[in-house]
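Here's the structure, in structure tokens; my notes come after.
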Amino acid sequence: MIWFTLLLVVLVLAALWASMTTTLLRSTLGLALASALLSVVMFSMGATLAAVMELSVCAGLISVVLVSVASLTRPRSIQEELASRRSRLRRIWPLPLVLIAAGVALSFVHAPVDIVLHLPKGDGDVRTVLWSLRQLDLFGQILILLAGALGVLVLFRKEAKDDD
Amino acid sequence: MSDLLLLVPFVAVVLLYLLPKRARTAGLWIAFGILALETAAAFIDRFATIDFGLLAPLGKLLGFHLATDGLSELVILCTGLVGMAALLVARRTLEDENEKFLFANLVLVAVVGINGIAMVRDLFSLYVFVEVTAVATFILIAAGRGDHVFEGAWKYIFLSVVASVLMLTSLGFFLLSTGGITLDAARTGLAANAPLAWIAMALFLCGLFVKGAMVPFHGWLADAYTAAPAPVSVFMAGIVTKASGIFALMRIAQSTLGGATPGREILLVVGAVTIVVGAFLSLTQTNFKRMLAYSSISQMGYIVLALGGDLRLGILAAGLHFFNHAISKSQLFANAAAIEKQLGTLDMDEMGGLGARMPVTAGTSAVASLSIAGLPPLAGFWSKLLIVLALWNAKEYAFAAVAILASLVTLAYFLSLQRRVFFGKPLEKWAGAREASVGLLVPAVALALITIALGVGFPFALKILMGGGA
């Protein structure tokens with residue numbers, strides 16, 4: 001239980017770091033960490049399929065975020081950076097409080113309906129889920145990463161050309 | 001065979017990077033060859049059983065759960081044809097060899113995504129391959145030049161993310177209500193009238209409406225098509241938007257909704273509104289590519305409207321209009337590329353009388369325009385006729401009337417386009433304008449010939465389609 005709570009706390013902190021940092025690389029790392037921890041939470045709750053999907057979606061999402069932000073933004077000056085950080089902190093500081101309050105409130109709420117989650121075949125063993133049930137999705141995610149790499153190649157080259 | 005349609009383009013992208021730099025000029029032609037094979041594969045699966053010898057075990061190695069049917073073959077055929085046209089346009093419009101090489105690579109990645117969409121039978125896998133296509137397409141748009149690239153690329157990726165959120169939420173609900181995310185599991189949940197399954201389906205449909213630019217989620221399409229470089233517009237308008245949004249809707253209508261009332265009504269209303277709004281927005285445009293973009297929205301509305309009609313005839317009509325529109329619209333975007341290359345502008349108010357100076361471009365664009373407007377004996381006439389019949393058989397008379405009346409608006413905006421660009425007195429400023437190079441005319445002529453041949457030989461094509469149970 002202590003490990004579980006600790007995992008959740010680190011997950012929330014990683015998610016907050018991802019939203020509050022002003023550096024693209026740190027934000028991406030925060031997102032990756034939050035996603036990985038969420039997958040671990042799901043594994044530990046026995047939802048292997050959901051955990052694999054979370055990992056799978058996040059791998060794609062991170063490449064999309066990296067490529068799109070890299071191509072659609074320009075580097076800021078130090079003054080702009082500082083001003084942005086101040087305004088971001090002003091806007092986002094209530095977020096952790098809202099998250100904690102929502103978590104506490106939800107822990108007292110009992111769902112009115114008795115939802116039965118039908119576990120798919122092979123659930124429980126991550127290898128089975130990854131290599132036997134979802135290998136096509138894995139292939140798809142490899143493709144998204146490949147497209148992301150091509151994107152970095154294309155868009156950074158274009159940026160260099162524009163700068164010339 | 002099915003697995004090879006994913007593996008061959010993927011392996012080709014990796015191998016292309018192993019080529020020495022000076023040999024990369026061949027990249028475009030290698031991609032062209034792969035797409036030619038893909039076009040042939042659409043026929044091979046249906047008409048013959050071929051032993052691929054050593055290649056067969058390669059496909060079976062990973063054991064992907066794929067299945068092909070008439071609808072998959074339709075998408076595979078369109079992808080091959082449109083992809084080849086886009087590569088030919090790229091050869092004449094992109095500036096340096098490196099740009100062409102990267103374009104070929106990204107097209108191949110997008111092709112794997114589209115082939116995946118065509119052959120999967122699972123909603124999560126469908127989502128994954130839609131994302132593959134979206135990421136490759138986003139990069140293709142963002143790689144363009146000009147002031148509007150940022151807006152076009154940003155709108156495309158932002159609304160793609162919104163669609164992804166809707167689709168993923170829907171998958172969670174499907175897992176909760178049915179315990180599975182296959183198309184069969186979704187159908188079982190809907191047949192049992194489970195409320196959560198219907199909520200899930202509504203969310204998934206909304207995600208696909210965004211991807212397919214259905215009204216009111218159409219805001220991204222015109223900016224993306226206009227901002228994209230010429231060959232990217234050809235590829236996007238021809239197949240990307242249709243496969244990511246519209247084909248996925250066709251698959252769900254065929255395999256999951258199965259003519260169920262709430263789903264059918266949603267498709268009818270969204271389809272009809274999209275046809276009308278897209279058509280009237282087209283009428284007001286002055287930019288050649290932007291008018292084509294709004295026209296695409298309207299025509300994709302026809303495909304969705306057909307899905308709300310009589311199930312079997314509706315799927316056939318939707319499939320045929322899917323093919324016709326893929327061919328004619330990519331051809332019109334190839335025409336736009338030729339005009340932009342020769343004049344340096346796409347503003348129709350600055351054009352006029354180009355028919356005499358660019359007769360092949362004018363002639364082919366007239367064929368595509370009249371086909372999309374539904375004039376006999378061109379291919380578009382037959383698909384629109386089938387759409388109206390599918391609606392009539394389902395006793396949806398009001399929607400059939402909308403389909404017919406909106407065709408008149410389609411004819412009006414295409415006649416306006418022809419008049420403003422190709423007819424009238426030639427303007428002095430374009431006195432030196434000449435027909436585009438052969439390299440740009442080949443895809444336009446080839447696609448126009450397909451439109452004419454399918455229109456004239458439609459009875460034979462229909463016999464084949466009905467025989468295959470498309």
Which residues, counting only those in segment B:347-356, are under 15 Å from B:Lys429 (Cβ atoms) and either surrounded by 15 or more Cβ atoms within 10 Å (Cβ to Cβ) or of a type outside the set (Gly, Ala, Ser) (or both)?
B:Asp347, B:Met348, B:Asp349, B:Glu350, B:Met351, B:Gly352, B:Gly353, B:Leu354
Please give the number of the condition B:Val273 fails out of (1) of a type outside the set (Asp, Glu); (2) touching a Pro at 6+ places or on another chain (Cβ under 9 Å); (3) under 19 Å from B:Phe124 (Cα atoms); (4) surrounded by fewer than 21 Cβ atoms within 10 Å (Cβ to Cβ).
(3)
Within segment B:155-165, the count of residues that are surrounded by 22 or more Cβ atoms within 10 Å (Cβ to Cβ) and facing chain A (nearest Cβ under 9 Å) comes to 2
Criterion first (free of Cβ contacts under 8 Å to residues at least 24 places away in the same chain and among the polar types (S, T, N, Q)) does B:Thr256 satisfy it?
no
Can you report the number of residues in segment A:9-42 which are farther than 14 Å from A:Leu95 by Cα and in contact (Cβ under 8 Å) with a residue 60 or more places away in the chain?
1
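Residues checked against (1) more than 8 Å from chain A (Cβ to nearest Cβ); (2) surrounded by fewer than 24 Cβ atoms within 10 Å (Cβ to Cβ); (3) in a helix (DSSP H, G or I); (4) of a type in the set (A, V, I, L, M):
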site: B:Val132; (1), (2), (3), (4): no, no, yes, yes
site: B:Thr137; (1), (2), (3), (4): yes, no, yes, no
site: B:Leu140; (1), (2), (3), (4): yes, no, yes, yes
site: B:Phe150; (1), (2), (3), (4): no, yes, yes, no
site: B:Ala153; (1), (2), (3), (4): no, no, yes, yes
site: B:Met167; (1), (2), (3), (4): yes, no, yes, yes
site: B:Leu176; (1), (2), (3), (4): no, yes, yes, yes
site: B:Thr188; (1), (2), (3), (4): yes, yes, yes, no
Quick check, is A:Gly103 within 14 Å of another protein chain (Cβ to nearest Cβ), over 12 Å from the mean Cα position of the chain (by Cα) and at pLDDT 75 or above?
no
Which of the numbered conditions does B:Phe124 fail, given that it passes all the others? Conditions: (1) under 17 Å from the mean Cα position of the chain (by Cα); (2) within 11 Å of chain A (Cβ to nearest Cβ); (3) not charged (D, E, K, R).
(1)
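The values are calculated or read from the model by the stated rules, or taken from the named source; none is laboratory data. Computed from a predicted structure; not experimentally measured. Methodologically, a virtual Cβ is constructed for each residue, glycine included, from the backbone with ideal geometry; neighbour enumeration extends over all protein chains shown.
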